[in-house]
Amino acid sequence: MVVPEPVPGGFPGAPPPLVGNALVDWITGSPWPGRTITSAIPPTYAHHATVVVPAEDGARTRADAALVGVLRALTRPRPWWLGYLDTGVADVVHPDAPRVAVYGWPYVLLDGGPEQALSARRNQDGTPWHSALPELVFPRDRSWLVATRWDDDWRCVGGPPALVDALLEHPDLRARAVLVDDDDTPPGHGQG
């Protein structure tokens, strides 16, 4: 019996996505175990950072908008891939969509962009320590990657120096640069 590979879904009106797990194999083939940034972000990126997900709902909304604004400003107009982690309690936006495995966990991978990243779900629809943003976001050209692991209240980011600099400078973001061998746990946060 042939079991088809999971394929990403799409937002209404979005072009059909590519078939297969090749969309995420470049992510899952590189991470190293442990608490370094490379457990979530391939070490091929020039710079890395962590961005704290605020605990308060209003601060989360502002931080989500700030992060997406920085990403949008530094990305040529093109679709993004949005990955919603299937925790069993979080809204995955399209519950009937097939899953792809990333970091050994099931994700619904949707073709979208900045607008969908900010509006597909609300803060209360995400995992309690995450926010409304997808747990995995990257553009088609893979020039950057944002990943929020299952039990962390921070995001891991890999990308060009200008991206990390913009994250560090944004007043609505608690970001810090990390090296590939650094523990990526932000000060004052527990390891998941």
Next on the checklist: Based on this model, can you work out whether residue 64 counts as within 21 Å of residue 24 (Cβ to Cβ) and acidic (Asp, Glu)?
Outcome noted: no
Checklist entry - Would you pick out the residues in region 131-153 that are crowded, with 24+ Cβ neighbours inside 10 Å, part of a loop (DSSP other than H, G, I, E, B) and in contact with a Leu (Cβ under 8 Å, 6 or more places away or on another chain)? => result 133, 134, 135, 148
Checklist entry - What are the pairs, 6+ residues apart or on separate chains, where a residue within region 141-152 that is within 15 Å of residue 42 (Cα to Cα) and of a type in the set (Val, Ile, Thr) has its Cβ under 8 Å from a residue that is modelled with pLDDT under 90 and outside any loop (DSSP other than H, G, I, E, B)? => result 148/85; 148/154
Checklist entry - Among the residues of region 70-84 satisfying the criterion of being in contact (Cβ under 8 Å) with a residue 60 or more places away in the chain and surrounded by fewer than 19 Cβ atoms within 10 Å (Cβ to Cβ), which is nearest to residue 163 (Cα to Cα)? => result 74
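Per-residue answers, yes or no, for (1) closer than 25 Å to residue 172 by Cα; (2) of a type in the set (Lys, Arg):
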| position | (1), (2) |
| --- | --- |
| 37 | yes, no |
| 62 | yes, yes |
| 68 | yes, no |
| 115 | yes, no |
| 120 | yes, no |
| 131 | yes, no |
| 141 | no, no |
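Scan region 90-112 residue by residue and report those that are assigned to a loop (DSSP other than H, G, I, E, B) and either under 18 Å from residue 157 (Cβ atoms) or at pLDDT 90 or above (or both).
103, the sole residue that qualifies.
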Next on the checklist: Restricting to region 55-67, give me the number of residues that are within 14 Å of residue 152 (Cβ to Cβ) and surrounded by 18 or more Cβ atoms within 10 Å (Cβ to Cβ).
Outcome noted: 0
Checklist entry - Inside region 156-187, can you point out the residues that are within 17 Å of residue 74 (Cα to Cα) and among the β-branched types (Val, Ile, Thr)? => result 157, 164
Checklist entry - Do we have any residue at all in region 132-141 that's among the acidic types (Asp, Glu) and closer than 16 Å to residue 28 by Cα? => result yes
Checklist entry - With respect to the numbered conditions (1) in contact (Cβ under 8 Å) with a residue 40 or more places away in the chain; (2) in a loop (DSSP other than H, G, I, E, B); (3) surrounded by 18 or more Cβ atoms within 10 Å (Cβ to Cβ); (4) not hydroxyl-bearing (Ser, Thr, Tyr), which one is the sole condition not fulfilled by residue 166? => result (2)
Checklist entry - Given the structure, is residue 87 at pLDDT below 90, closer than 17 Å to residue 135 by Cα, surrounded by fewer than 23 Cβ atoms within 10 Å (Cβ to Cβ) and of a type in the set (Val, Ile, Thr)? => result yes
Item to check | Test result for residue 142, more than 25 Å from residue 185 (Cβ to Cβ), among the basic types (Lys, Arg) and touching a Pro at 6+ places or on another chain (Cβ under 6 Å) | outcome: no
Item to check | Residues within region 150-180 that are closer than 25 Å to residue 107 by Cα, out of contact with any Pro (no Cβ under 7 Å at 6 or more places or on another chain), modelled with pLDDT under 95 and among the hydrophobic types (A, V, I, L, M, F, W, C), tallied | outcome: 2
Checklist entry - Looking at this structure, is residue 183 of a type in the set (D, E, K, R) and modelled with pLDDT under 90? => result yes
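The values are calculated or read from the model by the stated rules, or taken from the named source; none is laboratory data. Computed from a predicted structure; not experimentally measured. Counting neighbours? That spans all protein chains shown, and the Cβs are built from the backbone with ideal geometry, glycine included.
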